[in-house]
1. Percent antiparallel among DSSP beta bridges with both residues in the range B:160-246, to the nearest 5?
2. About the Cα centre of the range A:152-273, how large is the charge dipole given +1 on each Lys and Arg Cβ and -1 on each Asp and Glu Cβ? Please answer in debye to the nearest 20.
3. Relative contact order (percent) for chain A, with alpha-carbon contacts under 8 angstrom and 6 or more residues of separation?
4. Along Cα→Cβ, 7 Å out, is where each label goes; now give me the distance between the ones at A:Thr13 and A:Ala167 in nm to one decimal.
5. Per residue of the range A:304-315, what does 6.51 cos²θ - 1.76 cosθ + 1.60 with θ = phi - 60° give for ³J(HN,Hα)? Whole Hz please, x for Gly and Pro, Karplus curve as stated.
6. Can you classify chain B as rounded, prolate or oblate using the Cα gyration tensor, where a ≥ b ≥ c are the square roots of its eigenvalues, rounded means a/c under 1.5, and otherwise it's prolate if a/b beats b/c and oblate if not?
7. Just to check I understand the Karplus step: with θ = phi - 60° and J = 6.51 cos²θ - 1.76 cosθ + 1.60, what whole-Hz values come out for the range A:143-154, glycine and proline as x?
8. Ranked by Cβ crowding within 10 angstrom, fewest neighbours first, how are B:Val212, A:Val180 ordered?
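Only the coordinates and a few stated rules stand behind these numbers; no lab work does. What you are looking at is a predicted structure, and each value in this text was computed from that prediction instead of being measured. Note that each Cβ is placed from the backbone with ideal geometry, even for glycine, and that neighbours are counted across all protein chains shown.
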Amino acid sequence: MTRLSMLARRGATLARRGATLARRGATLARRGAMPALAVVTALMFGAIVIVITDFENLSKLGSDPLGALGGALGGVGKGYGAMLSGAFGDPGRILTALQSGSQKDIATAIRPLTETLVASSPLIFAGLGVAISFRAGMFNIGGDGQLIIGALGATTTAIALAGNAPAAVILVAAIVAGTVSGGLWGFVPGFLKARTGAHEVITTIMLNYVAAQVVLFGLRSDFLRAPGSGQPISKVLTTFVDVPSILDLPAIRLDYGFVVALIMAVIVSWLLFRTTKGFELRAAGFSLTAARYAGMSAGGSMMLAMFLSGSLAGMGGSFMVIGTVGQLSNDLSGGIGFNAIALALLAGLRPSGVVLAALLFGALTTGGKLMGIQSGIPFDLLFFVQALVIMFVAAPGLVRMIWRIKAPSVEPEVVA
Amino acid sequence: MRLELRDISKRFPGVLANDRISISVDRGEVLGMLGENGAGKTTLVNILSGLYRPDAGEVLIDGKAHVFHDPAEAIKAGVGMVHQHFMLVPVFDVVEAVALGAETVSGILGRFDRAAARARIVELSERYGLNVDPDAKIESLPVGVRQRVEILKALYRHSDILVLDEPSAVLTPLETDELYGIIRSLKETGTTVIFITHKLNEVLEVADKIVVLRRGRVAGTAIPAETSRQELANMMVGRDVELVVPKGPANPGDVVLSIRGLQVRDDRLEMAVDGVDLEVRAGEIVAIAGVQGNGQTELVEAIVGLRAIDAGEMLIGGERIGHVSPRHIADLGVAHIPEDRGRDGLINQMTVADNYILDTYHREPYSRRGVFDLQAVAARANQGVLDFDIRTPSIETTAASLSGGNQQKVVVAREFSRPVRLVVAAQPTRGLDVGSIEYIHRRLVEQRDAGAAILIVCTELDEVLAVGDRIAVMYEGRIVGVLAGAEATHEAIGLLMGGATFGGAAA
């Protein structure tokens with residue numbers, strides 16, 4: 001009797017869990033559907049551009065229409081094929097390399113994949129930063145500045161400690177210093193907004209320029225600059241401090257910075273959704289007045305969000321200079337701070353989504369390079385595709401129109 | 001013109017908003033349309049004004065069937081709308097705002113003939129007693145006058161059927177009376193008026209005929225002379241409703257809130273609260289009556305710590321309140337039901353559970369050392385949903401998708417989820433339907449009987465009289481009179497609200 005009822009209860013619990021899981025799965029699918037469709041649509045438009053800019057092929061349209069069509073499709077296939085193998089490597093080649101056991105062959109075969117992860121890593125850091133600030137209602141456009149100030153902090157610390165401390169100490173100190181300097185650079189606009197109401201979009205953009213000049217100034221000093229170089233480039237740091245590699249293979253740059261990026265995604269997710277600080281940030285982001293009425297400090301949330309946002313970007317910059325890139329230059333960022341905004345929006349400001357979107361952007365960047373070399377389609381097509389992805393994410397109505405999808409029906413009002 | 005709606009049905013995903021509704025109004029007749037939020041009033045109005053097309057049924061004007069594809073066609077057919085939210089360009093003057101889209105033009109270039117428009121507006125304004133200055137800027141006009149500009153707009157477009165959607169929601173009692181006068185003069189000149197509201201008194205006051213909607217259907221019709229508030233309320237809700245707030249005599253105890261000579265400035269740094277003395281004791285409900293904008297908002301904000309005190313003193317439970325945070329006030333056991341729940345009381349994009357802990361999230365059992373215990377949150381939020389009868393699919397539903405009454409229940413459930421000594425409720429029933437109002441009142445009385453001091457700010461006289469054990473009337477930043485609830489009358493309070501001084505004021 002009791003056993004039966006216990007079984008029944010257990011069955012009911014299981015059924016309930018199953019239902020919850022199914023609901024979660026459906027929610028995930030719903031969340032992912034629009035961004036995925038946006039990416040597909042953008043690639044489709046990219047294909048159209050590949051076709052209509054292939055003048056050699058177009059000129060055949062009159063004499064050999066079928067051949068022109070075939071050529072057009074072939075061009076797109078070749079271009080995107082090159083992009084895919086450039087981003088993820090050639091599976092067959094990876095397999096044979098693994099069988100041969102030659103370290104050099106394996107490294108060559110998997111390099112596209114690891115380079116994608118290397119490119120994604122700073123995007124994850126900066127994207128998480130953007131997600132935090134946007135969640136708190138702060139439009140942090142200053143990721144670029146925060147990233148290179150973080151890199152500057154890490155570089156300065158590493159060079160100052162070089163030869164005076166063990167490599168492990170230098171490593172940790174450089175990352176901490178870089179993270180904090182990026183955080184402080186982000187804190188400034190947060191503080192200005194909370195205390196004076198200065199709009200963060202203006203202040204963060206302006207601080208990007210200031211940051212660029214600060215880094216240029218720093219790189220003029222003999223302390224930082226690579227000896228004998230006329231360019232604004234720092235000494236190579238990886239000769240005395242280097243983030244450990246995940247794979248012990250020649251010429252593979254992938255290091256534990258990527259793993260730290262993934263761990264940060266988990267931490268940020270936990271912070272936003274499991275802690276009271278995260279609750280305050282989200283509340284302030286939705287409604288400053290309601291947050292104030294509930295007894296929260298709105299200004300405190302702004303400053304904290306901006307500090308954390310800058311810290312993450314700064315951490316990303318630090319891992320670049322003492323890891324994958326190896327030295328500081330004034331063009332270190334190359335727009336990562338701006339791409340981070342785009343991918344954070346693509347991710348719906350969710351940390352897990354940021355990781356996926358950063359991987360996508362990383363793949364586009366590394367894959368695009370090979371596409372440029374192999375198929376003659378300019379690398380710049382990638383910027384075009386990236387821009388379209390963002391546009392389609394920002395305008396879901398447009399994607400629905402293209403694919404003729406009905407808008408989700410509004411939740412019917414619960415009758416009082 | 002005679003308007004007839006025949007078997008109108010309209011379905012939205014998941015809801016049958018209008019289910020075979022048939023209504024008719026004669027020329028020069030005022031139809032009062034009564035119904036709770038979600039009863040289908042707005043859908044019906046949108047069909048009438050051409051925003052929606054019905055799935056079935058027809059709209060007949062003077063016996064002729066019409067199908068409106070857009071609002072312009074409805075206007076052309078003589079149906080004029082006055083929406084709840086005004087659609088006026090703030091920087092325009094009255095003539096420009098009224099004529100916009102229906103300008104009289106002259107010459108080949110189509111120059112706006114302002115003089116002609118102005119003359120017509122002045123004429124209309126006089127004929128219907130609208131009393132609108134044609135040259136005033138919209139942004140400088142009080143809400144009541146803006147509404148009259150909207151009415152002018154409809155009349156200017158030769159509307160013979162005027163639809164007023166919840167017109168009194170934004171008006172003071174005096175402005176509401178003026179509106180009734182305008183409706184009567186419209187009626188005399190043969191205009192057909194449809195007056196939509198959820199307030200019982202209004203339909204009884206102004207309508208010739210009443211139709212009650214409930215859950216998308218006509219629940220009944222009535223003639224004002226032959227019905228009662230009680231009967232209408234029951235029809236609206238579909239069960240017997242307590243219209244009188246059921247409460248025993250107050251049993252006042254110690255002073256919980258004590259205010260002496262309080263001065264508070266508003267956002268423009270004007271003195272909004274100018275020397276208020278007030279005491280609220282445990283176990284009593286003090287209602288502050290007054291026309292909106294006489295310092296009530298600033299007074300409440302000062303009490304709950306959202307606004308700095310300029311001068312004077314305030315004690316809550318014996319503790320002197322200086323420059324303190326809202327959280328400190330809440331920790332003293334003060335529950336606050338904000339005036340604008342959508343903006344200040346709730347975060348619409350967050351879930352019911354999140355909103356339930358919006359000001360207690362940092363305490364146990366919801367969180368420990370800054371980390372949430374999500375199971376505890378869910379358990380308590382579910383309990384709150386049960387205790388306060390909050391109609392929501394789950395605690396994970398966003399606040400935005402709840403009805404107004406249920407949103408307010410979330411606020412009240414939250415505020416009463418911690419120990420309460422003083423309740424500060426600003427317009428706690430504004431915009432709610434009869435059922436929800438009844439519920440909120442009952443909960444307030446429960447708190448009173450459990451020994452809390454209740455301060456409630458109200459602009460509606462009926463509510464003030466129904467709930468207040470003592471009634472303090474606020475006018476231009478001061479308390480101009482305090483009356484015992486049992487002795488107070490409509491007239492006495494109405495006079496005080498208008499600024500008349502009262503013999504033996506300030507108790």
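1. The antiparallel proportion sits near 50 percent.
2. Value, rounded to 20: 340 debye.
3. 29
4. Inter-label distance under the simple model: 5.1 nm.
5. Listing the rounded values in order: 4, 4, 5, 5, 5, 4, x, 4, 5, 4, x, 5 Hz.
6. Here chain B falls in the prolate category.
7. x, 4, x, 5, 5, 7, 5, x, 5, 5, x, 5
8. Fewest-to-most Cβ neighbours within 10 Å comes out as A:Val180, B:Val212.
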